[in-house]
Amino acid sequence: MKLKHVLLEVYCENNTSHPPLCCKDGIGNPGYHCLSENCPNVSYTYAPHELAYAGEFGVVPDSRAWIGFGGDMFPDDKNENKEVELKELWERICRQKIQEAYEEYMDKKKEM
């Protein structure tokens with residue numbers, strides 16, 4: 001069996017007051033259940049260049065638990081080549097921080 005983690009942004013597009021039967025967490029609270037139940041009100045898109053912590057059920061709990069490449073991270077001069085370089089830098093830093101988080105966790109685990 002092959003494994004791949006996929007980071008998606010999931011949206012609830014239900015504008016009615018009557019949620020469909022598959023609506024486990026209420027209107028406006030999309031999750032895996034929307035995808036697995038093929039909810040007619042769900043839509044999603046990919047989440048490129050993002051770093052996130054997912055909780056117990058693989059859902060990012062709040063906006064303080066993720067960050068994506070965007071906004072003030074883009075080059076001021078709209079230079080596409082510079083943007084590619086900055087995204088490569090972002091990837092290197094993210095991968096390094098993931099490894100550092102693991103190592104810090106393991107060190108603190110030993111102290112407990």
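Data overview
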{"item": "Those residues of region 31-52 which are under 15 Å from Val6 (Cα atoms) and acidic (Asp, Glu), in sequence order", "result": "Glu50"}
{"item": "Selection from region 53-95 of residues that are open to solvent by 100 Å² or more (accessible area, probe 1.4 Å) and farther than 14 Å from Leu7 by Cβ", "result": "Glu56, Phe57, Arg64, Asp72, Asp76, Asp77, Lys78, Glu80, Asn81, Glu85, Arg92, Arg95"}
{"item": "Answer residue from region 21-42, given it is in contact (Cβ under 8 Å) with a residue 12 or more places away in the chain and touching a helix residue (DSSP H, G or I) at 6+ places or on another chain (Cβ under 9 Å) and is nearest to Ile67 (Cα to Cα) among those", "result": "Val42"}
{"item": "Residues within region 8-20 that are open to solvent by less than 70 Å² (accessible area, probe 1.4 Å) and closer than 25 Å to Phe69 by Cα, tallied", "result": "4"}
{"item": "Any chance Gly26 is within 13 Å of Leu8 (Cα to Cα) and in a loop (DSSP other than H, G, I, E, B)", "result": "no"}
{"item": "Test: residue in region 38-51 that is surrounded by fewer than 12 Cβ atoms within 10 Å (Cβ to Cβ) and of a type in the set (A, V, I, L, M)", "result": "no"}
{"item": "Lys78 vs. criteria part of a helix (DSSP H, G or I) and either more than 19 Å from Tyr11 (Cα to Cα) or at pLDDT 95 or above (or both)", "result": "no"}
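The values are calculated or read from the model by the stated rules, or taken from the named source; none is laboratory data. The model shown is predicted, which means the values in this text are computed figures rather than measured ones. With ideal geometry, Cβ positions are generated from the backbone for all residues, glycine too; neighbour counts draw on all protein chains shown. For the accessible areas, the whole protein counts, side chains as well, though only heavy atoms, and no ligand, DNA or RNA atoms are used. Shrake-Rupley method; radii C 1.70, N 1.55, O 1.52, S 1.80 Å.
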